[in-house]
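First the structure, in the form of structure tokens, and then the observations on it.
The values are calculated or read from the model by the stated rules, or taken from the named source; none is laboratory data. The shown structure was predicted, so the numbers you read here are calculated from the model rather than taken from an experiment. Positions of Cβ are generated from backbone atoms using ideal geometry, with glycine treated the same way; all protein chains shown enter the neighbour counts.
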Amino acid sequence: MPRRRLSKLEDLDLNNIVSAQFDEAAAFLNYPRGLLEEIKCCDNVFAVNFPVRFGNRYHIFQGWRAEHSHHRKPLKGGIRFNPMVDQSEIIALAALMTYKCAIVDVPFGGSKGGVALDPATYNDTELEKITRRYTAELIRKGFIGPGINVPAPDMGTGEREMAWIFDTYDAFYPGGIDNLACVTGKPVTQGGIRGRKEATGRGVQYGIRHFFYYTEDIKTLGLSPGLEGKRVSLQGFGNVGAHCARFLSQEDDCRIVALSERDGAIIKPEGIDIEALARHRNETGSIRDFPGAQTVADPKAALEVDCDILIPAALENQITAANANRVRARIVAEAANGPVSREAEKILLKKGVAIIPDIYLNAGGVTVSYFEWSKNLAHMRYGRLQHRLERMRGQEIVEFLETTTGSQIPHRTQQVLVHGADEIELVNSGLEGTMVDAYEQIRMVFKRRRRLPSLRTAAYIVAIDKIATAYRELGIFP
Ligand code: GLU
């Protein structure tokens, strides 16, 4: 049954929230109303009830795939397996995909899919059957294909499900030379790309790093420059949260002071060892009772902890009018889609908190999906052609410098020069460049148009401008 997300304090329907965010940005622009409506509306939605047989019983599952915008093709977005999904949420998430892709210059329209189920209550064989049948339904209605619509992982799905999707598609279209590009987020051995699994977490790290590049902005927030030693609290220790926590603590020397999962939160002001926590969760099935940390039953406790950067990396509507006043962070970095409600945003902005918006910050996943899709169409691993050439060139430079200067080049510099980039380095540097460029665009809009309420509005303006240009170039609007 579709649910309306209503609280006593505000409307928490994600579709209404995204729509209001869009309208807020559109009010600053001078496009014809029809064009804005075309950008905002969801083009089409496929809703399906499909049966899967387990033993003697049939289970009926409800699934969707929303196609928000066809201004670029194929359309792109994850598939969510979660008991709470409904059509309205899928439409909202598809819209976020459109804006996200535009912001990071990934040439796709936005889409999203979902099946209402709790993956924890099915075994592997059952999940495989469900995934394959859902894929068959998408094929039947033309909602999947390398040039049409390309799914990816999202909440409740991962590499394994993407491999099943590819295999099902491949069985329907045997011999299709570009079949691998029908889905991204596949295992590396099945046409996936190195770095895709960590990509959303990496993108969040790069986004936060670049946010800290502007010392004047950081000082305005009352923080000292530099990420080192910054206290971070994370909600969610899934694929996004766990990678993000690992990268920020191990590579940027942030202190992870709190972390929460569905079944509770842990707090440790001196900093949580993320590797040890991952081991603890593997052994016990939960982050609770992690030695040396305080365990709190309420998972939302991590949102209210004293910290510098709060990273909601789980579900939508986690910070609402009900708890926004208790948020003590100076920066809210939205790794999840839609974690901050409209009312909460107003409260946070009033308190002077900076919100790094989801449509920018969590775009790392789709960015690397784009790299994977292009790799699949090229039928070649990144770096393969130039790897040896780069090494040889570096060697030449080292030898030339050493003979002409008569001194030896330091070992580290030599290593950097005599090195051919491999796939993971190319992916990460492409991702970092993408996150940096996108933030530059958003910040420039934010600084130039002085009346904008938030970076989110600036990000929407960047997205709307690009999509409007695409529609105009298609000759659809004057
Ligand atoms: N599900 C991810 C997202 O919400 C990734 C989508 C993709 O890679 O297509 O951005």
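Descriptive notes on the structure:
- In the set Asn325, Asn337, Asn317, only one residue is surrounded by fewer than 19 Cβ atoms within 10 Å (Cβ to Cβ) and closer than 28 Å to Ser7 by Cβ; that residue is Asn325.
- Within segment 9-35, the residues that satisfy the criterion of being aliphatic (A, V, I, L, M) and within 25 Å of the chain's Cα centre (by Cα) are Leu12, Leu14, Ile17, Val18, Ala20, Ala25, Ala26.
- Gly110 vs. criteria touching a Lys or Arg at 6+ places or on another chain (Cβ under 8 Å) and not in a helix (DSSP H, G or I): yes
- Of all residues assigned to segment 295-305, none qualifies as being assigned to a loop (DSSP other than H, G, I, E, B) and of a type in the set (S, T, N, Q).
- Segment 151-181 - residue that is over 15 Å from Thr131 (Cα atoms) and buried (at least 17 other Cβ atoms within 10 Å of the Cβ) and, of those, nearest to the chain's Cα centre (by Cα): Ala181
- Residues being away from the ligand (no atom under 11 Å from the Cβ) and β-branched (Val, Ile, Thr) - total across segment 99-118: 2
- Pairs with Cβ under 6 Å, 6+ apart, first in segment 87-107 and among the charged types (D, E, K, R), second at pLDDT 95 or above and not in a helix (DSSP H, G or I): Lys100/Ala363
- Every condition in (1) away from the ligand (no atom under 16 Å from the Cβ); (2) without any contact (Cβ under 8 Å) to a residue 60 or more places away in the chain; (3) not polar (S, T, N, Q) holds for Leu29 except the one numbered (2).
- Here Ile359 meets the list (1) among the aliphatic types (A, V, I, L, M); (2) more than 23 Å from the chain's Cα centre (by Cα); (3) modelled with pLDDT of 95 or more almost entirely, failing just condition (2).
- Every pair of residues 6+ apart whose Cβ atoms lie under 6 Å, when the first sits in segment 380-402 and is farther than 9 Å from Gly420 by Cβ while the second is assigned to a helix (DSSP H, G or I) and at pLDDT below 95: Ile397/Leu417; Val398/Gln414; Val398/Leu417
- Test for Lys100: is it assigned to a loop (DSSP other than H, G, I, E, B) and modelled with pLDDT of 95 or more: no
- Among the conditions (1) without any contact (Cβ under 8 Å) to a residue 60 or more places away in the chain; (2) under 24 Å from the mean Cα position of the chain (by Cα), the only one that Asp308 does not satisfy is (1).
- Residue count, segment 329-377 (criterion: touching a strand residue (DSSP E or B) at 6+ places or on another chain (Cβ under 8 Å), near the ligand (Cβ under 10 Å from one of its atoms) and β-branched (Val, Ile, Thr)): 1
- Qualifying residue in segment 454-470 (condition: part of a loop (DSSP other than H, G, I, E, B) and of a type in the set (Gly, Ala, Ser)): yes
- Selection count where residues are away from the ligand (no atom under 14 Å from the Cβ) and among the acidic types (Asp, Glu), scope segment 134-177: 3
- Test result for Arg412, in contact (Cβ under 8 Å) with a residue 12 or more places away in the chain, surrounded by fewer than 20 Cβ atoms within 10 Å (Cβ to Cβ) and of a type in the set (Lys, Arg): no
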